[in-house]
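The values are calculated or read from the model by the stated rules, or taken from the named source; none is laboratory data. Predicted model only: the values in this text are computed from it and were never measured. Positions of Cβ are backbone-derived with ideal geometry, glycine not excepted, and every protein chain shown enters the neighbour counts. Heavy atoms of the whole protein, side chains included, go into the accessibility calculation; ligands, DNA and RNA do not. Shrake-Rupley method; radii C 1.70, N 1.55, O 1.52, S 1.80 Å.
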Amino acid sequence: MFHRLILVVAVLAAAVLLAGSALAAPPHRIVSLSPTATETLFAIGAGKQVVAVDDQSDYPKRAPLTSLSGFTPNVEAIASYHPDLVVVQYDAGGVVEGLRKLDIRVLVQPSAKGLAVAYAQIHQLGTISGHKKAAAALVVRMKRAIAKAVKSTPRRKLSVYHELSPDYYSATSTTFIGRIYKLFGLRNIADAADSSGSGYPQLSAEYILSANPALIVLADTRCCGQSVASVSGRAGWSNVAAVRTRSVVAIDDSIASRWGPRIVQFVQAIAKVLRRR
């Protein structure tokens, strides 16, 4: 708990330093280059302050989608929206310094490693956008919903395979999504295969079949057209425990890859299939 607190405080401190004064007037023209931040801003009632979002911010539908990129950001293109706050996931191509030279506030919210940091980032956005109470209320609702889903699910020593792509890239227990599985006491089959420690090893069909996971979660449904049917039709996969017990879960890619308000839906989907076993 102590180390977790230190991590959250460190994230908060870094974000405040990059954002300039967190006590400045609430922004009226926000540009979000982080899909997770976009979802959060709209969830806490700051949607009307958002003037542009990046090309990956596909939720909610009313978000002002543009061709701006969070991966290869263009300072001039961002500045053309006259923002008084820009939210980014990481400092790609020196975008933070470039925007600061134009006296534009920047808030960096890196990929969360766990729920504690995800909640801290929601609080950050609430504070800086002028929606502190709404952000706090959202975190309370998320915590309650997640706790309810986990508590209502029997803990069994089952194994899980999280599929990021059809070529068997997966996510280990050290990642944000991997830590969600740990809430249910699940054993992640990718852990033993992560020799590089990246958190995202590429497995093989043979490895997965030999591991015989009890639960398969597909996070490549939209990007790559994967489904319960396509997994069942893979050579040799019909005998996998998850397929035999109909414990294959297809999750919207955007939900499975973000750490914002909709992570509750992910937790509930996992709880539902585990309760059914």
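Points to keep in mind about this one:
- Condition check for residue 222 on (1) surrounded by fewer than 16 Cβ atoms within 10 Å (Cβ to Cβ); (2) more than 20 Å from the chain's Cα centre (by Cα): one failure, at (2).
- All helices (runs of 4 or more DSSP H) inside the range 173-277 with 2 or more residues being hydrophobic (A, V, I, L, M, F, W, C) and in contact with a strand residue (DSSP E or B) (Cβ under 8 Å, 6 or more places away or on another chain): 205-211, 228-232, 241-244, 263-276
- Verdict on residue 256 being surrounded by 22 or more Cβ atoms within 10 Å (Cβ to Cβ), at pLDDT below 95 and either out of contact with any Lys or Arg (no Cβ under 8 Å at 6 or more places or on another chain) or of a type in the set (Val, Ile, Thr) (or both): yes
- Restricting the range 60-92 to residues that are among the small types (Gly, Ala, Ser) and surrounded by 14 or more Cβ atoms within 10 Å (Cβ to Cβ), the residue that is nearest to residue 261 (Cα to Cα): 63
Conditions tested, residue by residue: (1) touching a Phe, Trp or Tyr at 6+ places or on another chain (Cβ under 9 Å); (2) among the β-branched types (Val, Ile, Thr); (3) over 30 Å from residue 44 (Cα atoms).
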{"site": "179", "(1), (2), (3)": "no, no, no"}
{"site": "184", "(1), (2), (3)": "no, no, no"}
{"site": "205", "(1), (2), (3)": "yes, no, yes"}
{"site": "210", "(1), (2), (3)": "no, no, yes"}
{"site": "216", "(1), (2), (3)": "yes, yes, yes"}
{"site": "224", "(1), (2), (3)": "no, no, yes"}
{"site": "240", "(1), (2), (3)": "yes, yes, yes"}
{"site": "250", "(1), (2), (3)": "no, no, no"}
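- Residue identified as surrounded by fewer than 17 Cβ atoms within 10 Å (Cβ to Cβ) and touching a helix residue (DSSP H, G or I) at 6+ places or on another chain (Cβ under 8 Å) among 201, 166: 166
- Conditions (1) touching a Ser or Thr at 6+ places or on another chain (Cβ under 8 Å); (2) in contact (Cβ under 8 Å) with a residue 24 or more places away in the chain; (3) open to solvent by 60 Å² or more (accessible area, probe 1.4 Å); (4) of a type in the set (D, E, K, R); number of the one not met by residue 182: (2)
- In the range 31-52, the residue that is nearest to residue 123 (Cα to Cα) out of those that are open to solvent by 10 Å² or more (accessible area, probe 1.4 Å) and without any contact (Cβ under 8 Å) to a residue 40 or more places away in the chain is 42.
- Qualifying residue in the range 25-40 (condition: of a type in the set (A, V, I, L, M, F, W, C) and at pLDDT below 95): yes
- Condition check for residue 249: without any contact (Cβ under 8 Å) to a residue 60 or more places away in the chain, closer than 14 Å to residue 162 by Cα and either crowded, with 19+ Cβ neighbours inside 10 Å or in contact with a Cys (Cβ under 9 Å, 6 or more places away or on another chain) (or both): yes
- Here residue 86 clears all of (1) out of contact with any helix residue (DSSP H, G or I) (no Cβ under 7 Å at 6 or more places or on another chain); (2) under 12 Å from residue 29 (Cα atoms) except the condition numbered (1).
- Residue match in the range 139-156 (condition: modelled with pLDDT of 95 or more, over 19 Å from the mean Cα position of the chain (by Cα), buried (at least 17 other Cβ atoms within 10 Å of the Cβ) and within 30 Å of residue 235 (Cβ to Cβ)): no
- Given (1) open to solvent by 30 Å² or more (accessible area, probe 1.4 Å); (2) touching a Pro at 6+ places or on another chain (Cβ under 7 Å); (3) of a type outside the set (Asp, Glu); (4) closer than 13 Å to residue 261 by Cβ, index of the condition residue 115 fails: (2)
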